[in-house]
Amino acid sequence: MAAYDIVIRNGQVADGTGKKLFAADVALKGDRIAAVGAPGSLKSENEIDATGKVVAPGFIDVHTHDDTALIDNPTMAMKASQGVTTVVCGNCGVSAAPYLNTDVGHWMSLIIKKKENVSKDFAGFAAKVEAARPAINGAFLIGHGTLRMNAMGDDLGRVATAPEIKQMRDLLDQSLEQGAIGMSSGLFYAVSNAASTDEVAEVAAPLAKWGGIYTAHMRDEGDHILKAMDETFEIGRRAGAEIIVSHHKCSGRSNFGRMVETLPKFTDAMKQQQIAFDVYPYIAGSTILRSDMLERADKVLITWSDKVAGMSGRDLKDIAAEMGCSMKEAADHIQPAGAIYFMMDEKDVQAAMAHPGAMIGSDGIPFDAHPHPRLWGTFPRVLGHYSRDLKLFPLEDAVRRMTSYSAQRFHLTKRGEVKPGFYADLCIFDPATVIDTATFEKPIAPAKGIDTVFCNGAIAWRDGKPGGGRAGRALNRQAMQDEAKA
Ligand SMILES: [Zn+2]
């Protein structure tokens, strides 16, 4: 009899591929899944009874800003509590490395609370993550906005010069060589908005050589979204990189219903090049407070303000009424600040999630005082609300969009399936009760129905609290590519 470390017995396996649930025992040994066998066929001194539960691969949160949260909050409760075992960091053009300056400006503070968590090179940053022994894995993109700040300092309102583009390209090349998995851009944001299509495509050139991917928070998710999609597809083609469009949405009331334009455009483009996108399961978005976003939102909630105390969680309309001024003036008064914007159509969100190119990413912002509930709720909400209650897609397909499909698109070798030889990243949950409990009013709350979560064979979450396992890794592009070939 093989000596397994743990056997999970009597569960229904959702293996991540979309295949129908099947009854099986799952055996773990070291950091791997050692066997998947008929119920009762696998034995260990250490068994977990999963009767009535689903045994799924650990979820992959493909859209996060958890770069330094992995260091500051190594139990990663906001993610482990959802069954998440890998977070893809560095999205939207902002990453904690490589960062050559010592001053962490306002924009970087979105993902960084402590200056010592940035690094001049990616290898140094990855070492900091590993030293923190996080409970779950991280994979890391390099932000084009961060590269711009390195090469251009504060002078960001223009296209980069040829020498600056070369410096950014060299920094990206070095970071990819050291194990970053790709580059993200955030042309929507002030730090990158002046960048031309040519600039981004030229900076992104090393992606082809290393097999890196390109993720894009597009220049426009509202009136000019189709043009922004064309630009994104062009950058990916010119860089020779696979594309992930971030948090796909049609933003603002005047754009409600336009998924009937964007989704067929994705379907067509997917025939020509490798394109996918991520979606979060909410009709509100969240980012920094910007007065040009106020008009298109039906409601704006403040998530934090560095300047005025007591703003977190409040409706900007009430704040403005209290101050006796317009919403724009109130926003100016409390800056710098963050906000939640109600700006999407429920039907659009559902259509996006159900598209063949869609996977799930939370876009949660880990350090907000009053975060968007997606930070704690995304994955159980997809399982409980959208799959079980609304029947948007079967449970097996929901799991696939959060596991194997995500692992394939981000080239996370041997993750995202319940299969012998794969890493023992697993989530055991109750399909009858799993649901998010985090709300816009009370956003910091662990989900219900998540039983036990393993990452690399160690227990990251169990019975409503961190499980003590701290076996997460900084996933390295080169190591993953080598393992894929072996
Ligand atoms: Zn974004």
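Evaluate the Kirkwood expression for the hydrodynamic radius of the chain, namely the inverse of the mean inverse distance over all pairs of different C-alpha atoms, and round to one decimal in Å.
Working: mean 1/r = 0.0445 Å⁻¹.
The answer is 22.5 Å.
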**Asked** From the residues PRO446, THR161, SER184, which one has its Cα farthest along the dipole of the chain in the positive direction, the dipole being from +1 and -1 charges on Cβ of Lys/Arg and Asp/Glu about the Cα centre?
**Response** PRO446
**Item:** Inter-part distance where segment 360-407 and segment 423-452 are each reduced to a Cα centre, Å
**Value:** 10 Å
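Could you order peptides 147-156, 336-345 by the average number of other Cβ atoms within 10 Å of their residues, highest first?
Per-residue mean Cβ counts within 10 Å order the peptides as 336-345, 147-156.
Given segment 1-81, what percent of its DSSP beta bridges are antiparallel, to the nearest 5?
Values: 11 of 16 bridges.
Within segment 1-81, antiparallel bridges account for around 70 percent of the total.
So what is the relative contact order for segment 288-340, in percent, with contacts set as C-alpha pairs under 8 Å and at least six apart? Working shown, then result.
Details: 84 pairs, mean separation 25.0, N = 53.
This gives 47 percent for segment 288-340.
So what's the net charge close to ASP278: Lys and Arg +1, Asp and Glu -1, counting the other residues with Cβ under 12 Å from its Cβ?
On the way: positive: LYS249, ARG374, ARG401, ARG409; negative: ASP61, ASP363.
Net of charged neighbours comes to +2.
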**Item:** Dipole magnitude of the chain, debye to nearest 20 (Cβ charges: Lys/Arg +1, Asp/Glu -1, about Cα centre)
**Value:** 900 debye
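Please report the net charge: other residues with Cβ closer than 12 Å to the Cβ of ALA424, K and R +1, D and E -1. Let's see the in-between values first.
Numbers: positive: LYS29, ARG32, LYS414, ARG415, LYS419; negative: ASP5, ASP31, GLU417, ASP425.
Neighbour charge sum, excluding ALA424 itself: +1.
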**Asked** So, in segment 1-136, how many Lys pairs have Cα atoms under 14 Å apart, if the pair is 8 or more places apart or on different chains?
**Response** 4
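What area, in nm² and to one decimal, does the C-alpha convex hull of segment 373-447 cast on average over all directions?
Working: hull surface 22.3 nm².
Across all orientations, segment 373-447 yields a mean hull projection of 5.6 nm².
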**Largest-first principal axis extents of the Cα set of segment 107-251 (Å)** = 44, 34, 30
**Item:** Only Lys, Arg (+1) and Asp, Glu (-1) charged, at Cβ; segment 288-340 dipole about Cα centre in debye
**Value:** 100 debye
**Request:** Calculate how large, on average over all directions, the projected area of the Cα convex hull of segment 288-340 is; give the answer in nm² to one decimal.
**Result:** 3.0 nm²
**Message:** Just to confirm a number: summing +1 for Lys and Arg and -1 for Asp and Glu over residues other than ASN117 whose beta-carbon lies under 9 angstrom from that of ASN117, what do you get?
**Reply:** +1
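Return one quarter of the surface area of the convex hull spanned by the alpha-carbon atoms of segment 250-345, equal to its mean projected area, in nm². Let's see the in-between values first.
Working: hull surface 28.6 nm².
Result: 7.1 nm².
Quick one, what does Rg over Rh come out to for segment 23-75 if you take C-alpha atoms and the Kirkwood Rh? Walk me through the intermediate numbers first.
Working: Rg = 15.6 Å, Rh = 14.0 Å.
Result for segment 23-75 is an Rg/Rh of 1.12.
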**Message:** Among THR413, GLY90, GLY313, whose Cα projects farthest towards the positive end of the dipole of the chain, with charges put on the beta-carbon of Lys, Arg (+1) and Asp, Glu (-1)?
**Reply:** THR413
**Request:** Just report the Cα centroid separation between segment 100-157 and segment 281-314, whole Å.
**Result:** 24 Å
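Sort 80-91, 3-14, 311-322 by the packing proxy (mean of other Cβ within 10 Å over each peptide's residues), most packed first.
Numbers: 80-91: 30.1, 3-14: 21.3, 311-322: 16.8.
Ranking the peptides 80-91, 3-14, 311-322 by packing returns 80-91, 3-14, 311-322.
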**Request:** Before anything else, pin down the relative contact order of the chain: Cα pairs under 8 Å, at least 6 apart, normalised by residue count, whole percent.
**Result:** 21 percent
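Taking segment 34-154 on its own, what percent of its Cα-Cα pair distances exceed 24 Å?
On the way: 2784 of 7260 pairs.
Everything past 24 Å amounts to 38 percent.
With charges set only on the Cβ (+1 for Lys and Arg, -1 for Asp and Glu), what does the dipole of segment 23-173 come to about its Cα centre, in debye to the nearest 20?
Values: 15 positive and 18 negative charges, 12 e Å.
Dipole of segment 23-173, to the nearest 20 debye: 60 debye.
Based solely on its DSSP helices, what 222 nm [θ] is calculated for the chain when runs of n ≥ 4 H residues each add -39,500 (n - 2.57) and the sum is averaged over all residues, nearest 500 deg cm²/dmol? Please list the in-between numbers first.
Values: 17 runs with 143 residues, N = 486.
Roughly -8000 deg cm²/dmol at 222 nm, from the helical runs in the chain.
Values in this text are rule-based calculations from the coordinates and carry no lab data. A quick note: this is a predicted structure, and the numbers were derived from the prediction, not measured. Virtual Cβ from ideal backbone geometry, glycine too; neighbours counted across all protein chains shown.
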